[in-house]
Every structure is written in C-alpha cells, then in structure tokens.
Amino acid sequence: MGTDIEITPFADWLPVEGGPFIIAGPCSAESEHQVMETARQIAEIPMVKVFRSGIWKPRTRPGDFEGVGEKGLKWLKKVKNVYGLKTTVEIAEPKHVELALKYNIDMLWIGARTVVNPFSVQSLAEALQGVDIPILIKNPINPDLKLWVGAIERINAAGIDKIVAVHRGFHYFEKSPYRNAPMWEIPIELKRIAPSLPIIVDPSHISGKRELLQSVSQRAFDLEMDGLMIESHYDPGNAKTDASQQLAPKDLKEILENLIIREKKGDIDFEVKLEELRTEIDKIDGQLLQNLAQRMEIVDEIGEYKEQKGITILQMKRWAGIIEDRLSIGTHLGLNDTFLKNLLALMHKESLQRQTDIFNKAKNKRRKEARG
Ligand code: PEP
Ligand code: MN
C-alpha cells in the first residue's frame, strides 16, 4: 500500500527539542475542580506538553456518563491560561469542531470509534477545511490499517498538514492481558508507508489497567514511536470513566522518569522482522502457559482421585518413567539436557505441592466433620 500523505515536520510546529511528545490528562472532564487539580499536578511534570480531556464521550450504552459538553471547554481554556499547557479534546461531529475552535483548543483528536466510519471522518474533514490546527488521529477499533490510512488521507486532503497518528490498540477476540491488543506490526507498517508521519502511543487504552502502563510505554519507545497520550486523573480510583487505567500524576511522573529512550535508528525492515518474531514468541508463550495450567488441572484431578482411594502422592516409579521419557523426547527435539532436568524437577515439585494441598484440605474437612 502506498500513500501521498503530506505532513509538516513535527518539530516545526511542536518544539519538543528532540524529546518525546507527551500528552496527559483525564479520560473525561468531570468537574472544574477535577480538571484544574489534575492540570496543576500534571503541569509539574516538564515532559508533558499537552493536556488532554474528553468532553463528549462516546459510550457503549446510553445513560453512561456522556461527558460535560461545552462547559468543559471553558475549564480547558482556564488550564491553558493558568498552567500554560496546550490543550486537546476529542471531536466526533462538525459541531464539536466549531465549539473547540471557539474556545481556542490547541489540537483536536479523532477517536477510535469515529475513525471506523468514513462518513464521520469525511464530515470532520469538511468542517476542518481551511483551518490550521493539528489533528491527532487514533487507529480504528478493528485492526484495519487501510481504514486508519484512509482517515489520515481524508483529513490531509482537507488541507490539514499537522497530523499525528495515535496507536491505541485493537479489538481482539482472543483472550489477552490487554484491553486492546497492541499488534505493533500495524503502527510499524504505518511508519513504513508514511515515514514523515509522527506516531504516538496511547498505552492507557492498550493496557486497560495501570500495571501494564510502564511496559507498554517502554515498548512504544523501543519501537521508535514519537510519544505518548496517557490518561491521568488526580483521583483515578474515583474517575467516572476508565478508572482502572488512569494514573495519579505522581505515578505518571514516575513512569515517564523510568523510561529509557534510545536514539532512533530508523531501520524499519529490521523492526518489522523483529516484531513479527516477538509476536510469534508471545503467542507460543501464551500456549505454553495454557498447556501448563491444563496440566496442573489434571494433576489436581489425579490428586483428588488418589486421596479418595487412599493412595500416597509420590509414585516413584511413575516419576522415574516420566523423566526418562520426557528427556528422550526433549533432547531429540534439540533441547538441552540440564535445562530439561531443571524444568521437569520444577514441574514435579509444583505437582507434589498441589496434591499435598488437596490431601491436607480433605484431611481438615474430615476432621471437622468428625468433630461436628
Ligand atoms: C479516549 O481517549 O478517552 C478514548 C475514548 O479513546 P479511544 O477513542 O481510543 O477509545
Ligand atoms: Mn478513556
């Protein structure tokens, strides 16, 4: 796939002095106090250049918190005046563009639910015709690179040449630790076909939970992405939307300070190949873990069976047979003998422990029943 996307170099309109481009702020504006207090704390983190906040929230079901609307724009204007941070909001309809411009919002972003619909993107492009404002374009919810590129092209064709792509992960049907699977090969491919287009990563919507934010953010920079859009709330536990993925500003600061940002090498082919191989490894590790869990379930079943029949846990002959058999298969497959012995010993130890727990539980239950 080729594209004629024409972008003004990032550094010409956003002086980040070669550092990463970091956007932070709450998922949603909830109250003036929440916006101002979050902004006050975020303004103390020098790496953060732009304050984000959703004003109109695309919600899955009607009746969920749908955002504060226009009054939130007044609070953002105040953030800019008081703390000197640039501001950004999500736009989904031409009316939102008009209002955001009225309140001098510095840049606008188009969300994942809007990017899936070319009619919506086209109506935004028309509303932006002749306006000089940076536009951030999130990937569509489904893993469709063409749809993402199409949205960027539509906005670019309206005369907008300050564009940043935002990678926020993709809906994925298989079980995964992420809220939205990162599928890094897709933003990497975008970088290959549009080298002048800056790409930042939204680790919040990829992770869905705070624990994954550090590693996803680090991965973004290891893959030479240009920055982050990350959700932060002064009281994340009580946030009205996305509470489990928002960070207190002090924790955001810590995550940003822990990042290791290396010089970019720009070797896309190498990155693509490496990413493909890493995706393979991730998949295999997932299968390994599932197999291990399944093995342990059967170990438990055997444990219960032995307990009912009054047979002891340790069956030396069976274990010696397993070692001999698995060592022979494993070494034929090219696995190291010592590694296999260690792995088998670990598995055996865990199996014995699980069966011992089952025996003890049954013993306690019997004791209780006898007593009572
Ligand atoms: C958001 O940034 O709060 C948001 C709604 O994100 P997305 O469009 O990526 O789901
Ligand atoms: Mn959110």
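Treating cross-link reach as a plain straight distance, find the lysines whose alpha-carbon is under 27 Å from the alpha-carbon of residue 317, omitting any fewer than eight places away in the same chain.
Leaving aside lysines fewer than 8 places away in the same chain, those within reach of residue 317 are 306, 309, 341, 349, 361, 363.
Quickly estimate the mean residue ellipticity at 222 nm for the chain, helices only: each DSSP H run with n ≥ 4 gives -39500 (n - 2.57), and the total goes over all residues, rounded to 500.
Calculated at 222 nm, the ellipticity per residue is -17000 deg cm²/dmol.
To the nearest 10 degrees, how steeply does helix 213-222 sit against the main Cα axis of the chain, on a 0 to 90 scale?
70 degrees
So, in Å, what gap is there between the alpha-carbon centers of segment 307-332 and segment 200-229?
44 Å
Could you tell me what percent of the accessible area of segment 61-203 is made up of carbon and sulfur, with a 1.4 Å probe and every protein chain present?
Ligands and nucleic acids excluded, carbon and sulfur give 50 percent.
What is the chain's relative contact order, in percent, from Cα pairs under 8 angstrom and six or more apart in sequence?
Relative contact order comes out at 14 percent.
Going by a ≥ b ≥ c, the root eigenvalues of the Cα gyration tensor, does segment 271-371 fall in the rounded group (a/c under 1.5), the prolate group (a/b larger than b/c) or the oblate group?
Details: a/c = 3.92, a/b = 1.86, b/c = 2.11.
In terms of gyration-tensor shape, oblate.
Using a basic spin-label model with each label point 7 Å from the Cα along Cα→Cβ, how many nm lie between residue 277 and residue 297?
3.4 nm
For a quick check, take a GNM of the chain with Cα springs below 10 Å and name the residue from 148, 184, 13 with the largest mean-square fluctuation.
The residue with the greatest mean-square fluctuation here is 13.
Angle, helix 118-128 long axis vs. longest principal axis of the chain, Cα atoms, 0 to 90°, nearest 10?
Relative to the chain, helix 118-128 is tipped by roughly 40 degrees.
Between residue 348 and residue 117, what length in nm is gained on full extension when 0.36 nm per residue of separation is reduced by their alpha carbon distance? It would help to have the intermediate numbers written out before the result.
On the way: separation 231, 0.36 × 231 = 83.16 nm, distance 5.36 nm.
Between residue 348 and residue 117, full extension yields 77.8 nm more.
What area, in nm² and to one decimal, does the C-alpha convex hull of the chain cast on average over all directions?
Taking a quarter of the hull surface, the average projection is 25.5 nm².
Need the full-extension length gain, residue 304 to residue 356, defined as separation in residues times 0.36 nm minus the C-alpha distance. One decimal, nm.
Numbers: separation 52, 0.36 × 52 = 18.72 nm, distance 1.00 nm.
Gain on extension, residue 304 to residue 356, equals 17.7 nm.
Shape verdict for segment 192-265, please, from the Cα gyration tensor: rounded (a/c under 1.5), prolate (a/b greater than b/c) or oblate. Spell out each step's value before the answer.
Numbers: a/c = 2.69, a/b = 1.84, b/c = 1.46.
Note, shape of segment 192-265 comes out prolate.
May I ask you to order 124-134, 294-304 by the average number of other C-beta atoms within 10 Å around their residues, highest value first?
Top to bottom by mean Cβ count within 10 Å: 124-134, 294-304.
Once both axes come from the Cα atoms, what is the angle between helix 337-371 and the longest principal axis of the chain, in degrees from 0 to 90, rounded to 10?
With both axes taken from Cα atoms, the answer is about 80 degrees.
Any idea of the accessible area per residue across the chain, 1.4 Å probe, to the nearest Å²?
53 Å²
The values are calculated or read from the model by the stated rules, or taken from the named source; none is laboratory data. Worth saying up front: this structure is predicted, and the values here are computed from it rather than measured. All Cβ positions, glycine included, derive from the backbone under ideal geometry; neighbour counts span all protein chains shown. Note: accessible area is taken over every heavy atom of the protein model, side chains too, but ligands, DNA and RNA are not part of it. Shrake-Rupley method; radii C 1.70, N 1.55, O 1.52, S 1.80 Å.
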